[in-house]
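The values are calculated or read from the model by the stated rules, or taken from the named source; none is laboratory data. Everything quoted here is computed from the prediction, not taken from an experiment. Reconstructed Cβ throughout: ideal geometry from the backbone, glycine too, with neighbour counts over all protein chains shown. All accessible areas refer to the heavy atoms of the entire protein, side chains included, with ligands and DNA or RNA removed. Shrake-Rupley method; radii C 1.70, N 1.55, O 1.52, S 1.80 Å.
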Amino acid sequence: MNLTTTQHSKSTSDLRVSEFRPLPAPADLRAELPLSDELAAAVSSSRDEIRAVLDGVDDRLLVIVGPCSIHDPDAGLDYARRLAEAAREHRQDLLVVLRAYFEKPRTTVGWKGLINDPHLDGSHDIAGGLHAARRFLLAAGELGLPTATEFLEPISPQYVADLVSWGAIGARTTESQIHRQLVSGLSMPVGFKNGTDGSLQIALDACAAASAPQSFLGIDGGGRAAMVGTAGNPDTHLILRGGSSGPNYDAGHVAAASASLAAKGLNPRVIVDASHANSGKDHRRQAQVALELAAQVESGTTGADLVAGIMLESFLVGGAQAHDSASPGPLTYGQSITDACMDWDTSAGILAVLAGAARRRRSVRGAAA
Ligand SMILES: O=C[C@H](O)[C@H](O)COP(=O)(O)O
Ligand SMILES: C=C(OP(=O)(O)O)C(=O)O
């Protein structure tokens, strides 16, 4: 066929792309907001501590706690200051990690987090969002708190992952090859959630895939598209978050999940999320689930040892408020704009109960030894 110049010039790509807005290279943002030697040492040692808890070498309980999402960094840091104090108070029994989630997976549509839309108004200033996320992580580090985040896509980690001590892959992306490959190259322990339908198998497969070396398309620190080759992540684990089939936080579900992990040669110790489908996203129910988990931990049964950590969604003010980026209205300070959270006083009480449970688990173990 003899194609004319006119036929050649008819574009067949980007027909539905409305904009390309270049971003700064990860290395530029990291140079502008650098990780100090002191903070780098703190991030490394908190990753080691988390690893030790996940492996059962450190008998504390890992508690990943904080807002469902950071939408107002000032309120997030206000929360972090209170949490830092509680973390110091309970440090013998709990390893407290601040939940600092900047990327939100959505069931359909909605605000996708501080990185995607930092001004909460649909302007999608992603460069500003990456800047705000990095600034937040630096400030949390200054408070002495290790941080946890969900990685939702393979580009943002180059901008912020050096400041993160624990990572999660969410229920909606655990089955994705892209996310499993990403985890294989991440420098921190990473938990995979069970699927939204409650399926464990996809998370078991994810742990196996992410522990293997992988090669995939990504970006490097200079922001160039690159072939990324990874060594595999030996610190993957399962997070039980319930599913459409029901909650999965009780001792029976924990023991069954742990047996499935052990059968595959994976870490049999799990993290249990007291929120999401384990609480029906009801923050009052979440507090009840957390108390039931505390009872499970302190029971001294074999299953008690299988719970390495607990996830809690908590903010200054309880519940959640509606937010629509298309017509943003005034917001209540310190209240979630994504999933409902427990308020600070309830959360502080739960942390004290969990610390007591971890102490009692230790003494039961000591007596049995
Ligand atoms: O934790 C957050 C939410 O549960 C998740 O992002 C899905 O939210 P959505 O169902 O409101 O979109
Ligand atoms: C989205 C989250 O959880 P899940 O993937 O379990 O729905 C979350 O923890 O913010």
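At a glance:
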{"quantity": "Lys112 - accessible surface, heavy atoms, 1.4 Å probe, Å² rounded to 10", "calculated": "100 Å²"}
{"quantity": "Estimated FRET transfer efficiency when R0 is 45 angstrom, pair Thr332-Ala367 (beta carbons, to 0.05)", "calculated": "0.40"}
{"quantity": "Whole-number D in µm²/s for region 24-318 (Stokes-Einstein; Kirkwood sum over Cα pairs; 25 °C, 0.890 mPa s)", "calculated": "129 µm²/s"}
{"quantity": "Separation in nanometres of the label points that stand 7 Å from Cα toward Cβ, at Arg91 and Ala295", "calculated": "3.3 nm"}
{"quantity": "Rounded tilt (10° steps) of 73-89 against the dominant C-alpha axis of the chain", "calculated": "30 degrees"}
{"quantity": "Cut-off under 5 Å, modelled amide H: who pairs with Glu150 long-range", "calculated": "Phe102, Glu103, Ala168"}
{"quantity": "C-alpha long axis of helix 126-142 to longest principal axis of the chain, angle in °", "calculated": "30 degrees"}
{"quantity": "3J(HN,Hα) from dihedral phi, region 275-289, Karplus parametrisation 6.51/-1.76/1.60, rounded to Hz, x for glycine, proline", "calculated": "9, 6, 6, 7, 10, x, 6, 9, 5, 6, 5, 4, 4, 5, 4"}
{"quantity": "Long-range amide H partners of Ser314 with built H, under 5 Å", "calculated": "Gly66, Cys68, Met342"}
{"quantity": "Accessible area per residue in Å² at 1.4 Å probe, computed on region 24-318", "calculated": "37 Å²"}
{"quantity": "Estimated distance in nm for a label pair at Asp345 and Leu120, the labels positioned 7 Å out from Cα along Cα-to-Cβ", "calculated": "2.4 nm"}
{"quantity": "Candidate lysines for bridging to Lys112, where Cα separation is under 25 Å - those fewer than 8 sequence places away on the same chain excluded", "calculated": "Lys104, Lys193, Lys281"}
{"quantity": "Mean Cβ count within 10 Å, highest first, over the residues of peptides 308-316, 71-79, 147-155", "calculated": "308-316, 147-155, 71-79"}
{"quantity": "Extension gain from Ser245 to Ala322, taking 0.36 nm per residue of separation minus the Cα-Cα distance", "calculated": "25.0 nm"}
{"quantity": "Carbon + sulfur, % of accessible area of the chain - ligands and nucleic acids excluded, 1.4 Å", "calculated": "53 percent"}
{"quantity": "Helix-only mean residue ellipticity at 222 nm for the chain, each DSSP H run of n ≥ 4 adding -39500 (n - 2.57), per residue, nearest 500", "calculated": "-12000 deg cm²/dmol"}
{"quantity": "Residues whose placed amide H lies under 5 Å from that of Asn233, excluding near-sequence neighbours", "calculated": "Ser211, Ala212"}
